[in-house]
Amino acid sequence: MKLIKHDSFFSDPWTDLDRLLESTLPELYQWNPMRLSGRERSLPVDVFEDEHNRTIRLEIPGVAKKDIELELENAVLSVRAKRIEKTESGETTINLNRSVTVGDDVEADKIKASLENGMLTIVLPKREQAKPKQITIA
């Protein structure tokens, strides 16, 4: 299985900077108006590929199955989830999302998703014509 490396810093540096500031200066960060109205965060993702499937894994701890939406459109898989965090001052809704280009070689009708211990695993089977074929030399 081949691991396709992805560095989230280059795809969304503002979210990473936001997390860094929040974790290092929480008392100064509390005034942020986005904190009161909900937050947007990008989900960390791993993409694996073999000759039969493309597998996407996302970490989404504390999110129930009913709060996750998956959508495949124009070869882009979009994952949206909602997590409610309780704080001393009330509840904060955090919107988690990630979009991954999966290619046109997947069979949309056979996609399977499972959630176990905060890890969402999505298996995208490849179409038959997209699989590599061995050619013998005569």
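In this structure, residue 94 does satisfy being touching a residue at least 40 places away in the same chain (Cβ under 8 Å) and touching an Asp or Glu at 6+ places or on another chain (Cβ under 7 Å). Somewhere in the stretch 81-91, is a residue surrounded by 12 or more Cβ atoms within 10 Å (Cβ to Cβ), closer than 25 Å to residue 51 by Cβ and at pLDDT 90 or above? For the stretch 81-91, residues surrounded by 12 or more Cβ atoms within 10 Å (Cβ to Cβ), closer than 25 Å to residue 51 by Cβ and at pLDDT 90 or above: absent.
Among the candidates 82, 86, the residue that is within 15 Å of the chain's Cα centre (by Cα) and either within 16 Å of residue 40 (Cβ to Cβ) or part of a strand (DSSP E or B) (or both) is uniquely 82. The one condition from (1) surrounded by fewer than 11 Cβ atoms within 10 Å (Cβ to Cβ); (2) part of a strand (DSSP E or B) that residue 138 does not meet is (2).
With respect to being in contact with a His (Cβ under 7 Å, 6 or more places away or on another chain) and either at pLDDT below 90 or among the basic types (Lys, Arg) (or both), residue 131 fits the description. Of the residues that sit in the stretch 53-69 and are surrounded by 13 or more Cβ atoms within 10 Å (Cβ to Cβ) and in a loop (DSSP other than H, G, I, E, B), which one is nearest to the chain's Cα centre (by Cα)? Applying the filter and picking the extreme gives 60. Given the residues 115, 72, 96, which is the only one that is closer than 30 Å to residue 134 by Cβ and part of a strand (DSSP E or B)? Just a single option satisfies the conditions, and that option is 72.
The residues on offer are 66, 110, and the sole one that is modelled with pLDDT of 85 or more and over 18 Å from residue 125 (Cβ atoms) is 66. Number of residues in the stretch 92-101 that are loosely packed, with under 13 Cβ neighbours inside 10 Å and modelled with pLDDT of 85 or more: the value is 2.
The values are calculated or read from the model by the stated rules, or taken from the named source; none is laboratory data. Keep in mind that what you see is a predicted model, and the values were worked out from it rather than measured. As a convention, Cβ positions derive from the backbone with ideal geometry for all residues, glycine included, and neighbour counts pool all protein chains shown.
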